[in-house]
1. What number, in nm² with one decimal, is the all-direction average of the projected area of the convex hull of the alpha-carbon atoms of segment 44-103?
2. For segment 61-76, what does the Karplus curve 6.51 cos²θ - 1.76 cosθ + 1.60, with θ = phi - 60°, yield as ³J(HN,Hα) per residue in whole Hz, taken in order and with x for Gly and Pro?
3. Which helices of the chain meet both criteria: a Cα extent of 20 Å or more along the helical axis and a mean Kyte-Doolittle score no lower than 0.5, with helices taken as whole DSSP H segments?
4. Which residue fluctuates most in the GNM of the chain (Cα springs below 10 Å): ILE82, ILE100, ILE128?
5. Projecting each Cα onto the charge dipole of the chain (Lys/Arg +1, Asp/Glu -1 at the beta carbon, about the Cα centre), which of GLY77, ASN103, TYR36 comes out farthest on the positive side?
6. Go ahead and set up a Gaussian network model of the chain, Cα springs under 10 Å, then flag whichever of ALA151, ALA89, ALA165 fluctuates most.
7. Report, please, the projected area of segment 11-133 averaged over directions, based on the convex hull of its C-alpha atoms, in nm².
8. Over the Cα atoms of segment 56-194, what Rg and Dmax result, in angstrom?
Amino acid sequence: MLRKSLRKNAQAALEFLMTYGWAILAVLLAVGALAYFGVLNPDRFFPNKCVLPKGITCLDYNVETYRVILVLQNNLGETITIDKVNVSANNQECSDEQSITLNNHDKVIYTMTPCNNGASSQKFDGVISIVYTPEDKLTHSISGTLKATVAEGSSVSSQSVCQNAETSGLCDGLDIVYGIGYKAACCSEHSLCC
C-alpha cells in the first residue's frame, strides 16, 4: 500500500513538472525571440532629456547626425558670459567657442558642428560642458547630460561648394569663408576636402 501511494505521488509530481516545464520553456523561448528581434531592447525606453545644474537651463535641444543645437537660458540672477559650450559622446567632442554675454533670463542658441553623433534614429548619450564667467568674477564650469534620438538633420555644407573647393585646391579657405567647421562638414557629409 505504501508503494502504491509513493508511485502515485511520484507520478503526480512527474506530471506536474512535465506540464509546467513545457510552459516555462515556451515562455523562455518567447522572451528569447522578443529579445532577438529587438522588442525588449532597453534603448527603446531611453528618455530624451537635457539636464544642467541650476542656474543655466537647457530649454530645448536637437541632436542631428552632424551637429548639436542647444537653447540655453541664464537663470543665475546676474549677467554672465558663456565662453565655451562643449558636447562629448562616443569618444569625440564638438564645441562652440563663441563668447556671448547674457543678462538674467536671456536665451541663446548654440550650434556645435561638425559632430559625428551616429546614424539617424540611434540613441545619443552625451555630456554637456559649459564654461562661463559671471560679471567681474572668476570663470566657472558646469556639466550636465544630453540624451536624445539622433535626427537626420539638414546638411551643414553644400556639395557643389565642397567640390569646387577641392577641385580648385581651396579647401583650407572654407573655414575662413563659411565659418569654422565647414571643411570638416565637407569631409564628413560628402567625403570631399578630407
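1. In nm², the orientation-averaged hull projection of segment 44-103 is 5.1.
2. 7, 8, 10, 10, 4, 10, 7, 10, 10, 10, 10, 10, 10, 7, 10, 7
3. Passing helices, by number: 2-36.
4. Greatest mean-square fluctuation among the candidates belongs to ILE100.
5. The Cα lying farthest towards the positive end belongs to TYR36.
6. ALA165
7. Result: 11.2 nm².
8. 16.4, 52
Throughout, read-outs are computed from the coordinates displayed, never taken from laboratory work. Since the structure is predicted, the reported quantities are computational estimates derived from the model, not experimental observations. Positions of Cβ are backbone-derived with ideal geometry, glycine not excepted, and every protein chain shown enters the neighbour counts.
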